[in-house]
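Notes follow once the structure below has been shown.
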Amino acid sequence: MKKIGLAIHGGAGTIRRSTMSRILEKEYIKGLKNSLVAGWKVISKGGSSLDAVCESVVILENNPLFNAGKGSVFTNEGKNEMDAAIMDGRNLESGAIAGVMGIKNPILLAKEIMQKSEFAFLSGNGAEKFAKKMKLQSENEKYFFTQKRWEQLQKAKKSGKAFLDHTDFDKNLKNKYYGTVGAVALDQHGNLAAATSTGGMTNKMFGRIGDSPLNGIGNYANNKTAAISCTGSGEYFIKLTVAFRISALMEYKKLSLKKAVEQVILKELVKINGDGGVIAIDNKGNINLTFNSEGMYRGSMNDSETFIGIY
Ligand code: ASP
């Protein structure tokens, strides 16, 4: 059997063991594990990497702990505007959405756009209209309301700034957490896929779009190289076209996945003060989970090992 593998993330940032309660830590680990198991079920039975990354991301979107789908943060107008992207490494086909409201699983909408429309990227009302046509499940504002996110918005509003996910407003305004979710996978057929989904930033100006729905930046898959999903300060990831940069270093400079990821995340991104990380898997099944922040909710699975990490 050919090598298969899967990696997931639930965001990066100032995540410290010292400020995390045991109960919450357990909840995060459970959430990450459920996501890994769901994706693994697909690829271990011979299914596609594309279906596997969707399964993994849907589980995280349905979990209010993560800033995607149900747990999405609020814009300055008190709405949940979600972004998502998916990419198929076989043919570089991609699908993405930005600024979408009321869709239970944004990643499934991105997939429908890739597979059933003539477009690669739809935003706002247009994307919502397409979701209706595809009969995707919608949810009302109540579904997306979480008390924790609402309180974060009130605090962020007082400070007059936009923050990345569940920033620890009370203790240190510099602490940042990025709760975006993502998955990358390699299937038995040698195909790579990547999926990323997010609510963006707390108190973001309506209409703000980060790196997550931008294929080539926050999300990328190419069978020649790797599948990559990013989390972190979107504006900096955009500056460096992070995901494609990693792939290009592999394709044109013949760097290994590890070397390419480390050059971009630990050197180039650090140089411009960008923080966050990536999960990546190459076409041989090598997995890399690298971040330059204090922590990243992450997990990976292949035939020989299952790993879940936070700090
Ligand atoms: N990259 C995301 C954004 O800028 C945030 C995150 O990773 O949580 O919207």
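Taking Ser229, is it surrounded by 24 or more Cβ atoms within 10 Å (Cβ to Cβ) and in a helix (DSSP H, G or I)?
Details: surrounded by 24 or more Cβ atoms within 10 Å (Cβ to Cβ): yes; in a helix (DSSP H, G or I): no.
Considered against the rule, which asks whether it is surrounded by 24 or more Cβ atoms within 10 Å (Cβ to Cβ) and in a helix (DSSP H, G or I), Ser229 comes out as no.
Out of the residues in segment 1-39 that are touching a Lys or Arg at 6+ places or on another chain (Cβ under 6 Å) and at negative phi, state the one that is surrounded by the fewest Cβ atoms within 10 Å (Cβ to Cβ).
Once the filter is applied, the top-ranked residue is Thr14.
For segment 51-97, give me each residue that is touching an Asp or Glu at 6+ places or on another chain (Cβ under 8 Å), basic (Lys, Arg) and over 18 Å from Ser138 (Cα atoms).
none
For segment 64-95: of the residues being within 14 Å of the ligand (Cβ to nearest atom) and of a type in the set (Val, Ile, Thr), which is surrounded by the most Cβ atoms within 10 Å (Cβ to Cβ)? Steps first, please.
From segment 64-95, those within 14 Å of the ligand (Cβ to nearest atom) are 65-69, 71-75, 80-85; that's our starting set.
Among the residues that remain, those that are also of a type in the set (Val, Ile, Thr) are: 73, 75.
Details: Val73: 31, Thr75: 23.
The residue in question is Val73.
For every residue, the table says whether it meets (1) away from the ligand (no atom under 15 Å from the Cβ); (2) touching a His at 6+ places or on another chain (Cβ under 9 Å); (3) of a type in the set (Asp, Glu).
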| position | (1), (2), (3) |
| --- | --- |
| Met201 | no, no, no |
| Cys230 | no, yes, no |
| Lys239 | no, no, no |
| Met250 | yes, no, no |
| Lys259 | yes, no, no |
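Looking only at segment 271-279, decide whether some residue is acidic (Asp, Glu), closer than 19 Å to Ala7 by Cβ and part of a loop (DSSP other than H, G, I, E, B).
Checked against the condition, which is being acidic (Asp, Glu), closer than 19 Å to Ala7 by Cβ and part of a loop (DSSP other than H, G, I, E, B), segment 271-279 yields no hits at all.
Just to be sure I understand the filter: pairs with C-beta atoms under 6 Å, separated by 6 or more residues or on different chains, first member in segment 49-68 and more than 20 Å from Lys30 (Cβ to Cβ), second member at pLDDT 95 or above and among the acidic types (Asp, Glu). Which pairs pass?
The qualifying pairs are Ser49/Asp187; Leu50/Asp88.
What's the total number of residues in segment 113-142 that are of a type outside the set (A, V, I, L, M, F, W, C), assigned to a helix (DSSP H, G or I) and modelled with pLDDT of 95 or more?
Step one: list which residues in segment 113-142 are of a type outside the set (A, V, I, L, M, F, W, C), which gives 115-118, 123-126, 128-129, 132-133, 135, 137-142.
Among the residues that remain, those that are also assigned to a helix (DSSP H, G or I) are: 115-116, 124-126, 128-129, 132-133, 141-142.
Within this subset, residues satisfying the condition of being modelled with pLDDT of 95 or more are 115-116, 124-126, 128-129, 132-133.
Here the count works out to 9.
Only one of these conditions is not met by Ala193: (1) at pLDDT 90 or above; (2) part of a loop (DSSP other than H, G, I, E, B). Which number is it?
(2)
Out of (1) in a helix (DSSP H, G or I); (2) within 13 Å of the ligand (Cβ to nearest atom); (3) at pLDDT 95 or above, the odd one out for Pro213 is which?
With respect to (1) in a helix (DSSP H, G or I); (2) within 13 Å of the ligand (Cβ to nearest atom); (3) at pLDDT 95 or above, Pro213 is out only on (1).
Go through segment 280-299 and give me each residue that's small (Gly, Ala, Ser), assigned to a strand (DSSP E or B) and more than 19 Å from Met87 (Cβ to Cβ).
Gly295, Gly299, listed by residue number.
The values are calculated or read from the model by the stated rules, or taken from the named source; none is laboratory data. Note that the structure is a prediction, hence the values are computed from the model and not measured. No Cβ is skipped: glycine too gets one built from the backbone with ideal geometry, and neighbour counts run over all protein chains shown.
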